[in-house]
Amino acid sequence: MEPIAVNDNEKLTFHLGEVLSNNRRFENSAQAVARMILEKGKVRVTRGGRTTYDFPFFREGKVHIVGWFEEINDFVNFVEYGAKGGPPKTQAFVLVGEPGNGKTFFVDYICAKYRVFLTRPMNRRYTVVFINLKDLGTYGNIKAIESQTFEDPVILAMNLFESRDESREYLSQARFTDVMLERLYDNYRPLGACTEYIWNDIRRHCDGDIKKMLEFVKVIPVTIAESLGTVTGKYSAKDKITSSATDLLGDREITRILNLQDTFNPYKYNVRLGALARVAGGGIHFSDEFFRNKPDLVQIYLQVIQNRNIELEGNRWPIDSLIIGTSNNDVYNEFTSERKEAPIKDRCQICYVSHNTDYKLQHTLTGYTLVGSDKKLSMTDEELHIDPNLVYALSVAVTLTRLPHTEKLDPMQTMKLEAGESAAEKSVKILQEIKDTLNANQDVTKRWGQKGIGHRGLGRIIQNILELPETHEGKCLLALDCFNAAEQEVINYVPDAVDRDKYLKDLGIGKEEYRRYIEVSIFNAYLDDPDAVRKDVMRYINMIVGIASDQLGPDKNWRYKDRRTGEYTSIKIDERFIDSVETRLNLTIKEKKENHRDTLRRLHGQKMETEPNYNFMDQASLIKAVTEVRLKSDVAGMGSLVGALGNRTNDETVQLRNKMLTTMRNILGYCETCATKTIEFYCEKEAVT
């Protein structure tokens, strides 16, 4: 049989030269993951009144991580500290939270990006293969053996000789400086049991001649295969009958035993049968439902996390892998109640993951669930239209269920402050106090954002809407239907009566918020302008800014720079318009008016610096007052817009209704069904109020 040949670029000496020239890297898993994240940079952001960092790495691609600011900072600090040799080097990072809040997606996202990261030539992982083993005479028909734990060639180089000093001297002669050697030896680890055993066999066969020994070594790139679990691998907890230590560690293999003459040779163990060996060469091990494993596997994890070794009957294979786990709250609480399992918890950095509680960010998450990978079709295979208000209605509905009821803030104030909006006179500091109080609770399920309708529940709500006969008859997924669908979700899937009552109240609040929200569409449709509300709100803002300006002339004209266009424009101060808006805000006393105006002026000044496109459209009461002033003046002869739209006997009002329906269909993204239903729901408001 022909011997296996080794090309020059497959020799250990060539690989060491590439590492020396910085064309290839030798680093541990934490260093690689930290570098992958941080090379995209970081930015300072303010969330919930607190300054933190955001990392663009997590926001890339069509479907990316949404929110998770605190959790991402915890993870980045964990890997960065581990990369510097800190305690995380011998710890696992475990995400604990309610089902359906994105824990698994977060880990899968990192693993997918890491696989792509390692395909870049400079980042690619390499390992060693011992070739031509038949020449040794004790390996039967086995010609070549690849390192079972994907050991880096530099690991072999640091263990070439029986003495570590001799190995260091060899690397020094290969032109590695003392500084470089210190950096290499920071990641030193012994060879795995079978690698060391084979290397010693080669040493005896070659009488210690290192040049001859290296002829048995071939350097190859590590195969990156998601389906094989190499580099990034996942182990999901199984039941007590089907799970075993083999799943993690591997076991003896009969075909190897039959070929090996020496029964003590550790190569008789196929450690790649286990999930750990396949990610042992600088990979990521993902343990799904970490705390659901049976006790003997938990003990294995304890040893692996603490010592970073695979151990089988006294044989050890050192590993280098980043270990990330996930767990649901109920399983974690049950696990921690058993004091005997405390050591494994001490070896884990627990990151408590809440549901997303920012309704603006929820828009993106709802879009992921709503659109999915397929178009929504009716029973007759016609494409279903999506109400332009559906994403907003769903986002508000599920977000409200995740927010606590407190005496300090009502639900809408909590929702707005969490999203970075203003909530009348309420300060974001109140929200911070509420969060701090809840997060101090020992019971994880009672912390901030740990209860409510999750991502899976959101998916079922959308499915409930799709199953409605009305959806298929009207060929449209209506926003209004989401509230009944959400109520059904709560009734079917929330067992606790107290939680159930709270969620149903939250959905009622969400429905009233949706009623307010559609008034913007109605107003825009009435004026035949998709931007009408924003323009009128900004007209009021610019007037109250201008009226306090020293540059305001006697003609009441004020010239200002439009933040959106960058051009200068003039506006005529209309004090009757200002007074009418403020009257509807119940501001009749001069001092209250001035305080209100000063607050908006300060906000206007702050936003000019940080958010040039800010348009005050988060000011619900202001929007309502501005639209009412405009509508009352324009439809005074018809009583009210609601009355006009509800009157089908008058030609003028019918014409108005038809014009608005046309605008809603052609400009605002409605179809015939959702345009009609939205107007009908808007017209019900007088009966409600």
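The values are calculated or read from the model by the stated rules, or taken from the named source; none is laboratory data. Since this is a predicted model, take the numbers as computed values, not measurements. Glycine gets a Cβ as well: all are built from the backbone with ideal geometry, and neighbour counts include every protein chain shown.
Reported count of residues in the stretch 438-449, each being outside any helix (DSSP H, G or I), of a type in the set (A, V, I, L, M, F, W, C) and touching a residue at least 24 places away in the same chain (Cβ under 8 Å), is 1. Taking (1) touching a Phe, Trp or Tyr at 6+ places or on another chain (Cβ under 7 Å); (2) within 18 Å of PHE286 (Cβ to Cβ) in turn, PHE130 satisfies each apart from (2).
Hey, any hits in the stretch 623-641 for a residue that's part of a loop (DSSP other than H, G, I, E, B), at negative phi and modelled with pLDDT of 75 or more? No, every residue in the stretch 623-641 fails to be part of a loop (DSSP other than H, G, I, E, B), at negative phi and modelled with pLDDT of 75 or more. Looking across the stretch 510-565, the residues that are touching a helix residue (DSSP H, G or I) at 6+ places or on another chain (Cβ under 9 Å) and hydroxyl-bearing (Ser, Thr, Tyr) come down to TYR514, TYR517, SER521, TYR526, TYR540, TYR560.
Conditions (1) surrounded by 20 or more Cβ atoms within 10 Å (Cβ to Cβ); (2) among the small types (Gly, Ala, Ser); (3) on the phi > 0 side of the Ramachandran plot, marked per residue:
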position	(1), (2), (3)
ILE155	yes, no, no
ASN159	no, no, no
SER167	no, yes, no
LEU181	no, no, no
ASP186	no, no, no
CYS206	no, no, no
LYS211	no, no, no
LEU214	no, no, no
LYS238	no, no, no
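When LEU214, LEU156, LEU160 are checked against the criterion of being modelled with pLDDT of 95 or more, within 24 Å of GLY137 (Cα to Cα) and in a loop (DSSP other than H, G, I, E, B), LEU160 stands alone in meeting it.
Would you call VAL116 surrounded by fewer than 16 Cβ atoms within 10 Å (Cβ to Cβ) and either within 15 Å of TYR188 (Cα to Cα) or out of contact with any Asp or Glu (no Cβ under 9 Å at 6 or more places or on another chain) (or both)? It is true that VAL116 is surrounded by fewer than 16 Cβ atoms within 10 Å (Cβ to Cβ) and either within 15 Å of TYR188 (Cα to Cα) or out of contact with any Asp or Glu (no Cβ under 9 Å at 6 or more places or on another chain) (or both). Which one is farthest from the chain's Cα centre (by Cα) among residues in the stretch 17-74 that are farther than 19 Å from VAL353 by Cα and acidic (Asp, Glu)? This residue is GLU18. Could you go through the stretch 79-100 and let me know if any residue there is surrounded by fewer than 23 Cβ atoms within 10 Å (Cβ to Cβ), of a type in the set (Val, Ile, Thr) and part of a loop (DSSP other than H, G, I, E, B). For the stretch 79-100, residues surrounded by fewer than 23 Cβ atoms within 10 Å (Cβ to Cβ), of a type in the set (Val, Ile, Thr) and part of a loop (DSSP other than H, G, I, E, B): absent. When the stretch 258-292 is limited to residues that are β-branched (Val, Ile, Thr) and either at pLDDT 95 or above or under 45 Å from the mean Cα position of the chain (by Cα) (or both), the one that is nearest to PHE93 (Cα to Cα) turns out to be ILE284.
In the stretch 311-352, the residue that is nearest to PHE290 (Cα to Cα) out of those that are out of contact with any Asp or Glu (no Cβ under 9 Å at 6 or more places or on another chain), among the hydrophobic types (A, V, I, L, M, F, W, C) and surrounded by 19 or more Cβ atoms within 10 Å (Cβ to Cβ) is ILE324.
Among the conditions (1) touching a Lys or Arg at 6+ places or on another chain (Cβ under 9 Å); (2) among the charged types (D, E, K, R); (3) touching a residue at least 24 places away in the same chain (Cβ under 8 Å); (4) surrounded by 16 or more Cβ atoms within 10 Å (Cβ to Cβ), the only one that LYS376 does not satisfy is (1). Among the polar types (S, T, N, Q), more than 22 Å from the chain's Cα centre (by Cα) and not assigned by TED's automatic domain parsing to the domain that holds TYR614: does that describe ASN439? Considered against the rule, which asks whether it is among the polar types (S, T, N, Q), more than 22 Å from the chain's Cα centre (by Cα) and not assigned by TED's automatic domain parsing to the domain that holds TYR614, ASN439 comes out as no. Residues in the stretch 4-47 that are touching a residue at least 60 places away in the same chain (Cβ under 8 Å) and small (Gly, Ala, Ser): GLY17, SER29, ALA30, ALA32.
Being among the small types (Gly, Ala, Ser), assigned to a helix (DSSP H, G or I) and within 21 Å of TYR614 (Cα to Cα) narrows it down to one of GLY546, GLY566, so name that one.
Answer to the check: GLY546.
For the stretch 651-677, enumerate the residues that are aliphatic (A, V, I, L, M) and closer than 18 Å to ASP529 by Cβ.
From the stretch 651-677, those aliphatic (A, V, I, L, M) are 654, 656, 660-661, 664, 667-668, 675; that's our starting set.
Scanning the stretch 651-677 gives LEU656, MET660, LEU661, MET664, ILE667, LEU668, ALA675.
Select from the stretch 406-426 the residues that are modelled with pLDDT of 85 or more, surrounded by fewer than 19 Cβ atoms within 10 Å (Cβ to Cβ) and more than 26 Å from the chain's Cα centre (by Cα) and list them in ascending order. THR406, GLU407, LYS408, ASP410 - these are the residues of the stretch 406-426 that are modelled with pLDDT of 85 or more, surrounded by fewer than 19 Cβ atoms within 10 Å (Cβ to Cβ) and more than 26 Å from the chain's Cα centre (by Cα).
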